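The values are calculated or read from the model by the stated rules, or taken from the named source; none is laboratory data. The structure presented is a predicted model; accordingly, all values stated were derived computationally and were not measured. Quick reminder, even Gly has a Cβ in these numbers, built from the backbone with ideal geometry, and neighbours come from all protein chains shown. For accessibility, only protein heavy atoms count, side chains too; no ligands or nucleic acids. Shrake-Rupley method; radii C 1.70, N 1.55, O 1.52, S 1.80 Å.
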Amino acid sequence: MKTYDNNSQKETSDIVYGVHAVIESLTANTANKLYIQDDLHGKNVDKIKALATEKKVSISWTPKKTLSEMTDGAVHQGFVLRVSAFAYSELESIISRASHEENPLILILDGITDPHNFGSILRTADATKVSGIIIPKHRAVGVTPVVAKTSTGAVEYVPIARVTNLSQTLDKLKEEGYWIFGTDMDGTSSHKWNTSGKIVLIIGNEGKGISANLKKQVDEMITIPMEGHVQSLNASVAAALLMYEVFRNKLN
């Protein structure tokens, strides 16, 4: 997928890599050209080669060193795929999709900068049927090859909208009848969280948490009970626990 740097629309890459990300991109018909490590053999090679052939995607057998250069030294597992630009969803599209769901959950990532965190959040969002994810265009990671690989293909299934102003987005979601929840050290215990109705959950930046202007728009803060020595959880872990809390209540 084409991706962009944190603060502009400048194009920086158009690849995904790794077994799962490549398979999902091929399946989603976003692939342009497949590069496979030239000395690689086994079931994954056979499966991905067959899928590429089915999708009429050309294959280039490429030295491992070249693949490593293409991925800036990342673990590519012998598979690199050039793909079409990542198709961010429109905010209105996510709201429309969620309107057909019972007790929808929309996630807002307020300044998440670690692509591994974003990828992990996507993976859990897919598993727990999150209606969509909203990220800011500036000072946050977009959909990068690392995000795609970490999500193990979930990036192809969870709608992601990229907006200029999160505060205005929250206003619009409130108009649509959503309750806005944030994460904080002080707040309602996640075990006592009333997750019925239309929910927006804000996950804050890895270090700074939720920005002050968004905190003013939150209806209720949710806290995850902890009794250890650390003061906070990793952003993707905290997001996962809360997504599963909503999902668990839907199943009951």
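Here are the numbers for this structure:
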{"read-out": "Filter pass, residue 252 being surrounded by fewer than 21 Cβ atoms within 10 Å (Cβ to Cβ) and touching a Gly at 6+ places or on another chain (Cβ under 6 Å)", "value": "no"}
{"read-out": "Filter result (in a loop (DSSP other than H, G, I, E, B), open to solvent by less than 50 Å² (accessible area, probe 1.4 Å) and modelled with pLDDT of 90 or more) within region 1-40", "value": "18, 40"}
{"read-out": "Looking only at region 65-117, and only at residues there that are assigned to a loop (DSSP other than H, G, I, E, B) and among the aliphatic types (A, V, I, L, M), the one that is least open to solvent (accessible area, probe 1.4 Å)", "value": "112"}
{"read-out": "Residue match in region 204-212 (condition: assigned to a strand (DSSP E or B), open to solvent by less than 50 Å² (accessible area, probe 1.4 Å) and at pLDDT 90 or above)", "value": "yes"}
{"read-out": "Residue match in region 180-192 (condition: farther than 15 Å from residue 169 by Cα and in a loop (DSSP other than H, G, I, E, B))", "value": "no"}
{"read-out": "Pairs, first more than 22 Å from residue 30 (Cα to Cα) in region 70-99, second among the charged types (D, E, K, R) and crowded, with 17+ Cβ neighbours inside 10 Å, C-beta under 9 Å, six or more apart", "value": "98/198; 99/198"}
{"read-out": "Test: residue 45 is surrounded by 15 or more Cβ atoms within 10 Å (Cβ to Cβ) and at pLDDT 95 or above", "value": "yes"}
{"read-out": "Looking only at region 135-174, and only at residues there that are polar (S, T, N, Q) and not in a loop (DSSP other than H, G, I, E, B), the one that is least open to solvent (accessible area, probe 1.4 Å)", "value": "169"}
{"read-out": "Qualifying residue in region 126-145 (condition: of a type in the set (Asp, Glu) and at pLDDT 95 or above)", "value": "yes"}
{"read-out": "Residue 124, sole failed condition from (1) farther than 15 Å from residue 202 by Cβ; (2) assigned to a loop (DSSP other than H, G, I, E, B); (3) in the same structural domain as residue 206 (by the TED database)", "value": "(2)"}
{"read-out": "Residue that is out of contact with any strand residue (DSSP E or B) (no Cβ under 9 Å at 6 or more places or on another chain) and not assigned by the TED database to the domain that holds residue 153, where the choices are 47, 64, 55", "value": "47"}
{"read-out": "Residue in region 208-215 that is closer than 30 Å to residue 85 by Cβ and touching a Pro at 6+ places or on another chain (Cβ under 7 Å) present", "value": "no"}
{"read-out": "Long-range neighbours under 8 Å by Cβ, at least six apart or interchain, first residue in a strand (DSSP E or B) within region 53-64, second among the polar types (S, T, N, Q) and open to solvent by less than 100 Å² (accessible area, probe 1.4 Å)", "value": "59/53; 61/37; 62/37"}
